[in-house]
Amino acid sequence: MSTPLLPVFVKLEGRACLVVGGGAVALQKVNSLLECGANVTVVAPDARGEIRELSDQGKIAWRRRHYVAEDILGQQLVIAATNDPNVNHTAYGDAVAAGVLANAVDDPPFCDFYFGSVVRRGPLQIGISTAGESPALAQRLRQQLEALLDRGTGPWLERLGALRRGVLKVHPSGEERNRLLHALATRDVCDSPSCPSRVMALETSRQSRAPDRGSWWLT
């Protein structure tokens, strides 16, 4: 039986991440890291045109040579994505020795973490992992979830989040506030000041003798 994984979503903005390799798979990982705001370095003697363009635009750093152990220095995440298992295993071993989390693509025994299939609707992210057993299954489940979730889920969640922050500012902590937040998570939230969910949040907070903080529910 495989060891249970800790499901976490990691903030990588501004963090140094290394991708070893310059092919199609490496490009996928580079793009994923850039979406998270990471500072990406690629090590490869040659690279796809897209990686070259990213380097020319200053969006990544490209070390145009073969990988060496010193490339791990200063990195906080390492992805080995070459077509040579020996290079990937070496990079993984160097990262482990340096105390850096690493992933050798499509090689589960040489992975500290896995890239799951992700469903995104604005701030909502649902990650699906099979611990490397069947990425195809994870992709199929992602497609099923995408079909179930309305495209408006992201904007709705952003409005709900703003309303929640307003409630937290003025409503005392406790079971009543928890019930209100759970109720709001099941309702539509529109931008209008007369939105029933906003009115409900305001009235419930007033009844709790919360201090009047102005039009917080309009944000």
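The values are calculated or read from the model by the stated rules, or taken from the named source; none is laboratory data. Everything numeric here is computed off the predicted structure, so don't read it as measured data. Here Cβ is always computed from backbone atoms with ideal geometry, including for glycine, and neighbour counts include all displayed protein chains. These accessible areas exclude ligands, DNA and RNA; they are computed on the full protein's heavy atoms, side chains included. Shrake-Rupley method; radii C 1.70, N 1.55, O 1.52, S 1.80 Å.
Numbers below:
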item: Every residue from the stretch 168-180 that is assigned to a helix (DSSP H, G or I) and surrounded by fewer than 16 Cβ atoms within 10 Å (Cβ to Cβ); result: L168, K169, E175, E176, N178, R179
item: The one condition in (1) within 23 Å of V19 (Cβ to Cβ); (2) without any contact (Cβ under 8 Å) to a residue 60 or more places away in the chain; (3) outside any helix (DSSP H, G or I); (4) not small (G, A, S) that C190 fails to fulfil; result: (1)
item: Residue that is nearest to the chain's Cα centre (by Cα) [pool: residues in the stretch 106-144 that are among the basic types (K, R) and open to solvent by 50 Å² or more (accessible area, probe 1.4 Å)]; result: R120
item: Conditions (1) closer than 30 Å to I126 by Cβ; (2) without any contact (Cβ under 8 Å) to a residue 24 or more places away in the chain; (3) not small (G, A, S); (4) not in a loop (DSSP other than H, G, I, E, B): number failed by V8; result: (4)
item: Matching residues, the stretch 36-61, being open to solvent by 30 Å² or more (accessible area, probe 1.4 Å) and assigned to a strand (DSSP E or B); result: N39, A61
item: Residues of the stretch 145-167 satisfying the condition of being part of a helix (DSSP H, G or I) and surrounded by fewer than 12 Cβ atoms within 10 Å (Cβ to Cβ); result: A147, L148, R165
item: The stretch 4-35: number of residues that are over 17 Å from R64 (Cα atoms) and either surrounded by fewer than 16 Cβ atoms within 10 Å (Cβ to Cβ) or over 17 Å from the mean Cα position of the chain (by Cα) (or both); result: 14
item: Pairs with Cβ under 8 Å, 6+ apart, first in the stretch 153-165 and among the hydroxyl-bearing types (S, T, Y), second surrounded by fewer than 14 Cβ atoms within 10 Å (Cβ to Cβ); result: T153/L124
item: Identity of the residue in the stretch 62-82, of a type outside the set (A, V, I, L, M, F, W, C) and assigned to a loop (DSSP other than H, G, I, E, B), that ends up least open to solvent (accessible area, probe 1.4 Å); result: Q75
item: Complete set of residues in the stretch 71-117 that are under 21 Å from T3 (Cα atoms) and acidic (D, E); result: D106, D107, D112
item: Any pair with Cβ under 7 angstrom, 6 or more apart, that starts in the stretch 62-74 at a residue that is closer than 8 Å to V43 by Cβ and ends at one that is exposed (fewer than 13 other Cβ atoms within 10 Å of the Cβ); result: R65/P45; H66/P45
item: The stretch 83-105, residues that are open to solvent by 40 Å² or more (accessible area, probe 1.4 Å) and part of a loop (DSSP other than H, G, I, E, B); result: N83, D84, A98, G99
item: Filter result for K29 (part of a helix (DSSP H, G or I) and of a type in the set (D, E, K, R)); result: yes
